[in-house]
Amino acid sequence: MIALENRYFTVEVDADRSLVRVKRSAARFEQLDDVERAFSDVAGSVGGLDRTRHAFLLDLREGPLRNDEAFENAVRKYAGQTTEGWRKSAMLVRSAVGELQLSRQGRESGLAFNVFRDEAEALRFLEA
């Protein structure tokens, strides 16, 4: 079931697999306010789910790379709200650069991110 579809994210809830899949689009955030609105929409779309019973996959492969300080600070504010509390969570990126960037952001924010470049590997991790 599609729980949210907007310019930046699609949120799909697979009740049979107890999996929430959030897919980032290729659209660039034009304003930092768009970051807040987009992450708030994602959090709201899964607000009624019992996170302890669902796995969470954030697929960032299509998202444009961006690492300026203002953007990273804006994302950091919402990363915990979006990624914490799930039975298991994983981030899917397309490159080693993306993997390094997310790992660094996780360390800096105190959040533990499980980062993968292979979708099948990420799903195996989430379903184990």
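Rank these by accessible area, largest first, 1.4 Å probe: Asp68, Asp16. All intermediate terms of the calculation are to be shown ahead of the outcome.
Details: Asp68 60, Asp16 150 Å².
Correct descending sequence by accessible area is Asp16, Asp68.
Amide H contacts of Leu92 (H built 1.01 Å from N, in plane; Pro and chain starts excluded): Leu58, Asp59, Leu60, Phe116 sit under 5 Å, all sequence-distant by 5 or more or on other chains.
Sites listed here are trypsin sites (Lys or Arg not before Pro) in the stretch 7-45 whose DSSP assignment is loop and whose Cβ has at most 16 other Cβ atoms within 10 Å: Arg7, Arg17, Arg28.
The residues neighbouring Arg117, those whose beta-carbon lies less than 13 Å from its own, together hold a net charge of -3 under the Lys/Arg +1, Asp/Glu -1 convention.
Using the heavy atoms of the protein chains alone and a 1.4 angstrom probe, what is the accessible area of the chain per residue in square angstrom? Don't jump to the answer; show the numbers that get you there.
Details: 7000 Å² over 128 residues.
So the chain comes to 55 Å² accessible per residue, rounded to a whole number.
With both residues required to sit in the stretch 1-73, DSSP beta bridges show an antiparallel share near 65%. The share of accessible area on the chain that comes from carbon and sulfur is 47 percent, using a 1.4 angstrom probe. For Glu5, nonlocal amide neighbours, meaning residues 5 or more places apart or on other chains whose placed amide H falls under 5 Å from its own, are Val11.
Please give me the summed charge of the neighbours of Leu19: other residues whose Cβ is under 14 Å from its Cβ, Lys and Arg +1, Asp and Glu -1. Computed value for this residue: +1. Within the assembled protein chains, the solvent-accessible surface assigned to Ser40 is about 60 Å², based on a 1.4 Å probe.
Here, the chain has an Rg and a Dmax of 13.5, 39 Å when only alpha carbons are counted.
Looking at the square roots a ≥ b ≥ c of the eigenvalues of the Cα gyration tensor of the stretch 56-128, which shape do they give, rounded for a/c under 1.5, prolate if a/b is larger than b/c, or oblate?
On the way: a/c = 2.06, a/b = 1.31, b/c = 1.57.
Judged from the Cα gyration tensor, the stretch 56-128 comes out oblate (a/c at least 1.5, b/c at or above a/b).
The values are calculated or read from the model by the stated rules, or taken from the named source; none is laboratory data. A quick note: this is a predicted structure, and the numbers were derived from the prediction, not measured. No Cβ is skipped: glycine too gets one built from the backbone with ideal geometry, and neighbour counts run over all protein chains shown. Protein only, heavy atoms only, side chains kept; ligands, DNA and RNA dropped before computing areas. Shrake-Rupley method; radii C 1.70, N 1.55, O 1.52, S 1.80 Å.
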